[in-house]
Amino acid sequence: MADYPVSPRRTPRKKLKMPIFGGMVGGSSSGPADTGKNFTTYLIAIVAVALIAQIYLPKFWAENLYDSPDELTEMTLDGAIRKKYADASNKNEIHYILVVKEKGNTRKKIDLYLADPNFFDQVAVPFRVKKEAGSLAVRVIRFAKPDTILNINLLKK
């Protein structure tokens with residue numbers, strides 16, 4: 001034996017395990033093949049959910065775009081203009097877009113591509129608009145001026 005004292009040996013600590021993936025990192029008593037199978041199953045499930053979400057969520061969250069003359073005529077509006085912008089990515093086709101938030105927290109996105117841009121120029125973001133179905137006359141409620149009736153003139157293309 002040795003002339004100097006030797007301390008007793010401690011038992012090894014338990015390996016830490018991740019809650020979802022088991023003992024994948026430090027190894028486990030059930031064997032490495034079992035942890036790989038568990039991880040692969042979770043990975044495939046996560047990837048499948050991500051792909052399904054990528055396919056269906058944009059369609060679910062997308063706003064309806066009202067752009068045809070029939071849709072503009074039959075649409076009813078009663079709300080405030082929240083966004084007003086022009087999409088001029090193609091110089092031959094300039095899309096004048098208004099986003100109207102109605103009373104029931106529904107949003108309507110109106111594309112005035114086939115309409116005369118004068119209506120787009122005369123409205124601003126804080127204005128309230130009211131429109132009945134079957135007509136293109138829009139009542140614009142302003143804060144500083146009296147109410148005005150503006151017409152959406154459709155262009156023939």
Reachable aspartates and glutamates from LYS17, criterion Cα separation under 18 angstrom, eight or more residues apart if same chain
ASP34
At R0 = 41 Å, how high is the FRET efficiency between ARG82 and THR41 if r is their beta carbon distance? Nearest 0.05 is fine.
0.35
With r as the distance between the Cβ atoms of ILE52 and THR106 and R0 = 30 Å, compute the FRET efficiency 1/(1 + (r/R0)^6) and round to 0.05.
0.70
Among 47-59, 91-103, how do they line up by average Cβ neighbours within 10 Å per residue, starting with the highest?
91-103, 47-59
Per 0.36 nm of contour for each residue apart, how much would the distance between SER7 and GLU71 grow if the chain were fully extended, relative to their Cα-Cα spacing?
14.3 nm
Taking a straight Cα-to-Cα line shorter than 13 Å from LYS84, and setting aside same-chain aspartates and glutamates fewer than 8 residues away, one finds ASP111, ASP121
Suppose the chain between ASP147 and ASN90 were pulled fully straight at 0.36 nm per residue; how much longer would it get relative to their current alpha carbon spacing?
17.0 nm
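Laboratory data are not the source of any read-out in this text; all were calculated from the coordinates shown. From a predicted model like this one, the values you see are computed outputs, not experimental measurements. No Cβ is skipped: glycine too gets one built from the backbone with ideal geometry, and neighbour counts run over all protein chains shown.
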